[in-house]
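I have placed the structure first, in the form of structure tokens, so that the comments after it can refer back to it.
The values are calculated or read from the model by the stated rules, or taken from the named source; none is laboratory data. If you're wondering where the values come from, they're calculated on a predicted model, not measured in any experiment. Here Cβ is always computed from backbone atoms with ideal geometry, including for glycine, and neighbour counts include all displayed protein chains.
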Amino acid sequence: MSNIEKYDAIFIKSFDVDGSVLGPDLKYQSIPSWDSVGHMSMVAAMEDSFDVMLETEDIIDFSSYDKGKEILSKYGVEF
């Protein structure tokens, strides 16, 4: 499974959405399931899947689908 496939799968599972919502319009609190609890669940899944430990600042800045890819790239995850 490629990194983008893993990334997308985490969003789909964490927020119980289908792939059609993934993209630049998907932002924190743009869907009901992406609340603070959902956010932390998604972050934990990202850390486990990509074997990284996000800094607190990056967890807070992880505010959209696109921003998440940018943040993970700082940790060596290539998309």
- Item | Matching residues, segment 10-39, being in contact (Cβ under 8 Å) with a residue 12 or more places away in the chain and assigned to a helix (DSSP H, G or I) | I10, F11, K13, S14, F15, G38, H39
- Scan segment 18-52 residue by residue and report those that are more than 24 Å from G76 (Cα to Cα) and among the β-branched types (V, I, T). V21, I31, V37
- Query: Which condition does D61 not pass, out of (1) touching a residue at least 12 places away in the same chain (Cβ under 8 Å); (2) surrounded by 14 or more Cβ atoms within 10 Å (Cβ to Cβ); (3) not basic (K, R), if it passes all the others?
  - Reply: (1)
- Task: Considering every residue within segment 54-74, establish whether at least one is of a type in the set (S, T, N, Q), modelled with pLDDT of 95 or more and either on the phi > 0 side of the Ramachandran plot or in contact with a helix residue (DSSP H, G or I) (Cβ under 7 Å, 6 or more places away or on another chain) (or both).
- Result: no
- Note on the structure: Apart from one, (1) without any contact (Cβ under 8 Å) to a residue 12 or more places away in the chain; (2) touching a helix residue (DSSP H, G or I) at 6+ places or on another chain (Cβ under 8 Å); (3) surrounded by 12 or more Cβ atoms within 10 Å (Cβ to Cβ) all hold for A44; the odd one out is (2)
- Over segment 58-79, the set of residues assigned to a helix (DSSP H, G or I) and either more than 9 Å from the chain's Cα centre (by Cα) or over 21 Å from I31 (Cα atoms) (or both) is D58, I59, I60, D61, E70, I71, L72, S73
